[in-house]
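Contents: one structure, followed by commentary.
The values are calculated or read from the model by the stated rules, or taken from the named source; none is laboratory data. Since the structure is predicted, the reported quantities are computational estimates derived from the model, not experimental observations. Cβ: placed from backbone, ideal geometry, glycine included. Neighbour counts: every protein chain shown. Surface areas here come from the heavy atoms of the whole protein model, side chains and all, with no ligands, DNA or RNA. Shrake-Rupley method; radii C 1.70, N 1.55, O 1.52, S 1.80 Å.
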Amino acid sequence: MTFKELEIIDPILRSLKEKGYTQPTPIQEQSIPILLSGKDLLGCAQTGTGKTAAFSIPILQNIYLHSAENFSKRRSKPRIKGLIVTPTRELAIQIGESLTDYGRYTGIRNTVIFGGVKQGPQTQILQRGVDILVATPGRLLDLMSQGFISLSNLEYFVLDEADRMLDMGFIHDVRKIIAQLPAKRQSLFFSATMSAEIVKLSRKILGGNPGKVTIQPEQSTAERVAQQVYFVDKKSKPKLLVHLMEQNPEDSTLVFSRTKHGADRIVKILGKAGIKAMAIHGNKSQGARQKALGTFKTGETSVLVATDIAARGIDVSGLERVINYDLPNIPETYVHRIGRTGRANAEGTALSFCDMEEKPYLNDIQKLIRQQIPVVQEHLFLPTMENLLGKEVVEVPERVGKPAGNRKKNGRKYYPKNHRNGKSGGSRS
Ligand code: AMP
């Protein structure tokens, strides 16, 4: 499915192309047709699924197509046609940025209002007029009561992150806002969870027969796949990979590399160890990619090495193992990678190599998936002292090193760089 097939208009297609969105995400694929048809929507999904674009794109398109306004030659002051209410300032800002990005070539104006800052700059923009307003509940009610905001022309209303809204104690504010909306409107309601209270609230907002979309959060992939991380030196990664492949030679394995050259290098490393592998990445011809994929699917090669982009479109069922030779710097990429195994509730394993420089990436990933990934102690590949100490280590000649009892056989001993004449008391081994 493409955005064109979803009947997105050219000015929006152009901006999506610039954003690098090649394919709609599942929530976009399902929600956009419902919303373009004018129906209300009940969406069970959370941030990270592409939810913002799923509601922003059709709202922009509906306003662009169905409003009498000629957006390129505006004659009158814009009136608020779309309102998106979201619980936090950060989300509001993100949604505003997305609307600006996706609507870049439509001429549709948006602004964002939230509390905790002076209202002057916000009211100035409101007085010039906007088509879409993104707001947190408190500031919205404030500015409505001061007469800066009129919702009488409103046609599209989104309540975003409804469950968080309730958790944060915004229910009364939300009720007050709903009471002031015109009855004739298209309403969208999003929540990551659907408790009885949430369903009750959704009924107050949505019309009789809303379209329904439920998207499993990406995180559930992380719960389904058995994950492990190996702390390893960059230079020991080849040995570790060969070792793991020799342990379980039968497992069909997809190895991810951040770069194309890295992918080729991995194929060579495996080849030297007598393990047949093939790479797919952007520098390979279509024919070479098909061949690699074909031999992998038939089991002729048990290892496929891929970059993230090349792996996106491939369908390999029954994949037993994903190995992250490099950790991705974008945490969502990790979830996409490991999602290649353990599909359709099948069990899969995802092993990640993490060197010292990649530790921050691992932290970001663990935050996203809300899990600590178990660490495997593989003694063969323990990190060097340099990594353990977290600082550069220099070799200190024997005459400086004390006490003598600890010396290595070759008469040399390792100390951290800041070691001074054996007095610093720094870590030694
Ligand atoms: P959201 O769930 O709206 O917070 O979106 C999560 C991330 O996915 C954001 O960084 C979006 O820019 C990105 N995104 C949304 N839709 C697409 C798409 N169709 N293709 C690629 N990235 C997307």
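Quick notes on this one:
- Where residue 42 falls short, out of the listed (1) near the ligand (Cβ under 8 Å from one of its atoms); (2) touching a Ser or Thr at 6+ places or on another chain (Cβ under 9 Å): (1)
- Restricting the stretch 1-18 to residues that are over 20 Å from residue 96 (Cβ atoms) and more than 15 Å from the ligand (Cβ to nearest atom), the residue that is surrounded by the most Cβ atoms within 10 Å (Cβ to Cβ): 9
- Qualifying residues in the stretch 54-79 (those that are more than 23 Å from residue 149 (Cα to Cα) and open to solvent by 70 Å² or more (accessible area, probe 1.4 Å)) - the one farthest from the ligand (Cβ to nearest atom): 73
- Hey, residue 154 part of a loop (DSSP other than H, G, I, E, B) and surrounded by 18 or more Cβ atoms within 10 Å (Cβ to Cβ) or not: yes
- Residue check, residue 228 more than 24 Å from residue 59 (Cα to Cα), touching a strand residue (DSSP E or B) at 6+ places or on another chain (Cβ under 9 Å) and not aliphatic (A, V, I, L, M): yes
- Scanning the stretch 90-103 for residues that are crowded, with 16+ Cβ neighbours inside 10 Å and more than 9 Å from the ligand (Cβ to nearest atom), we see that the one that is modelled with the lowest pLDDT is 92.
- Number of the exception - residue 202 against (1) within 30 Å of residue 376 (Cα to Cα); (2) open to solvent by less than 70 Å² (accessible area, probe 1.4 Å): (1)
- Hey, residue 51 near the ligand (Cβ under 10 Å from one of its atoms) and at negative phi or not: yes
- Residue within the stretch 70-79 that is within 29 Å of residue 202 (Cβ to Cβ) and part of a helix (DSSP H, G or I) present: no
- Residue in the stretch 188-203 that is assigned by TED's automatic domain parsing to the domain that holds residue 375, in contact (Cβ under 8 Å) with a residue 24 or more places away in the chain and over 25 Å from the mean Cα position of the chain (by Cα) present: no
- Each residue in the stretch 108-136 was checked for being assigned to a loop (DSSP other than H, G, I, E, B), closer than 23 Å to residue 164 by Cβ and of a type in the set (A, V, I, L, M), and 1 pass.
- Look at the stretch 19-36: where a residue is free of Cβ contacts under 8 Å to residues at least 12 places away in the same chain and within 7 Å of the ligand (Cβ to nearest atom), no partner that is among the basic types (Lys, Arg) and open to solvent by less than 50 Å² (accessible area, probe 1.4 Å) sits 6+ places away or on another chain with Cβ atoms under 8 Å.
- Looking across 105, 21, one residue alone is more than 20 Å from the chain's Cα centre (by Cα), more than 23 Å from residue 161 (Cα to Cα) and in a loop (DSSP other than H, G, I, E, B). It is 105.
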